[in-house]
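The next block holds one structure in the form of structure tokens; read it before the comments.
Just so you know, all these numbers are worked out from the coordinates, no wet-lab data involved. Bear in mind the structure is a predicted one, so any value in this text is a computation, not a measurement. Methodologically, a virtual Cβ is constructed for each residue, glycine included, from the backbone with ideal geometry; neighbour enumeration extends over all protein chains shown.
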Amino acid sequence: MKSIKLIERYADAFIQNIPKDRYSEVAEDLKLAADAFEDHVTKFLISDIVDEERKIAYLESVDSKVNFPKEIKNLLVVLVRRNRIDLIHGIYFEYIRLMNRSYNKGYVTVETRYPLSDSVLTEIKQALKKRFKQEIAINEKLNPELIAGVIIKKDDFVIDLSVNGRLSKIRSTLLEKVSN
């Protein structure tokens with residue numbers, strides 16, 4: 001829970017320093033930065049054994065190859081100095097969430113066993129647009145474990161219209177009645 005709050009604070013402070021017309025550009029660069037710091041690199045950068053000077057030197061060497069924008073470089077330096085570079089992926093995802101909220105755009109994942117037709121995706125998009133009162137972008141995800149139906153996810157909101165979900169509810173109800 002503590003790291004979630006930290007991620008939110010860092011992302012919020014970061015996005016406040018980015019002009020809105022650069023949100024998308026910075027999002028791409030932030031993704032690049034997050035991808036550059038995989039687990040083994042992150043362990044090095046949060047290690048107590050490695051002194052701050054070497055950590056910053058490593059960061060400079062990565063920057064010399066990638067040439068991060070000033071805002072991202074500053075964020076990375078702050079995260080390294082505070083031994084919080086392990087939060088970079090979470091900060092990226094929270095930045096995307098904040099950016100989309102500022103554009104009044106929501107991202108939805110639609111899980112199905114088979115690809116949906118364009119007309120069905122359009123119907124889902126229109127229904128969700130009406131429900132959430134915002135533009136919706138759909139990420140279609142194929143899930144071979146589904147028997148049939150669809151699972152729609154937006155942030156913490158889930159609509160499970162799958163056969164698997166219904167079978168699970170029936171199973172729970174039966175188990176509950178048997179145990180009583």
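Rounded to the nearest 20, the size of the Cβ-charge dipole of the chain about its Cα centre is 820 debye, with Lys and Arg at +1 and Asp and Glu at -1.
The relative contact order of the chain comes to 20 percent, based on Cα pairs under 8 Å that sit 6 or more residues apart. Compared with the dominant principal axis of the Cα atoms in the chain, helix 2-16 is inclined by about 70°. Against the main long axis of the alpha-carbon atoms of the chain, helix 52-66 sits at an angle near 70°.
Averaging the Cα positions of each part gives two centres, and for region 150-164 and region 92-121 these lie 13 Å apart. For residue 125, a cut-off of 29 angstrom between C-alpha atoms picks up these lysines, skipping any fewer than 8 places away in its own chain: 20, 31, 105, 133, 141, 153, 154, 169. Put +1 on the Cβ of each Lys and Arg and -1 on the Cβ of each Asp and Glu in the chain; which of 116, 174, 147 then has its Cα farthest toward the positive end of the dipole? Result: 174.
Tell me, what is the percent relative contact order of region 2-100, built from C-alpha pairs under 8 Å that lie six or more residues apart?
Worked out over region 2-100, it gives 50 percent.
Could you pull out the longest piece of the chain with no exposed loop GluC sites (Glu not before Pro) in it, calling a site exposed if DSSP puts it outside H, G, I, E, B and it has at most 15 other Cβ atoms within 10 Å? With a cap of 15 other Cβ atoms within 10 Å, the longest stretch comes to 39-144.
Volume of the convex hull of the chain (Cα atoms only), normalised per residue: 186 Å³. Taking region 94-137, which trypsin sites (Lys or Arg not before Pro) meet the DSSP loop condition and have no more than 14 other C-beta atoms within 10 Å? Sites meeting the loop and neighbour criteria: 133. Helix 118-132 and the longest principal axis of the C-alpha atoms of the chain enclose an angle of approximately 80°. Sorted largest first, the principal axis extents computed over the alpha-carbon atoms of region 104-179 equal 46, 25, 16 Å.
Result for the chain in a Gaussian network model with C-alpha springs under 10 Å: among 134, 16, 126, the largest mean-square fluctuation is at 16.
For region 1-59, the set of trypsin sites (Lys or Arg not before Pro) satisfying both a DSSP loop assignment and a count of at most 11 other C-beta atoms within 10 Å is empty.
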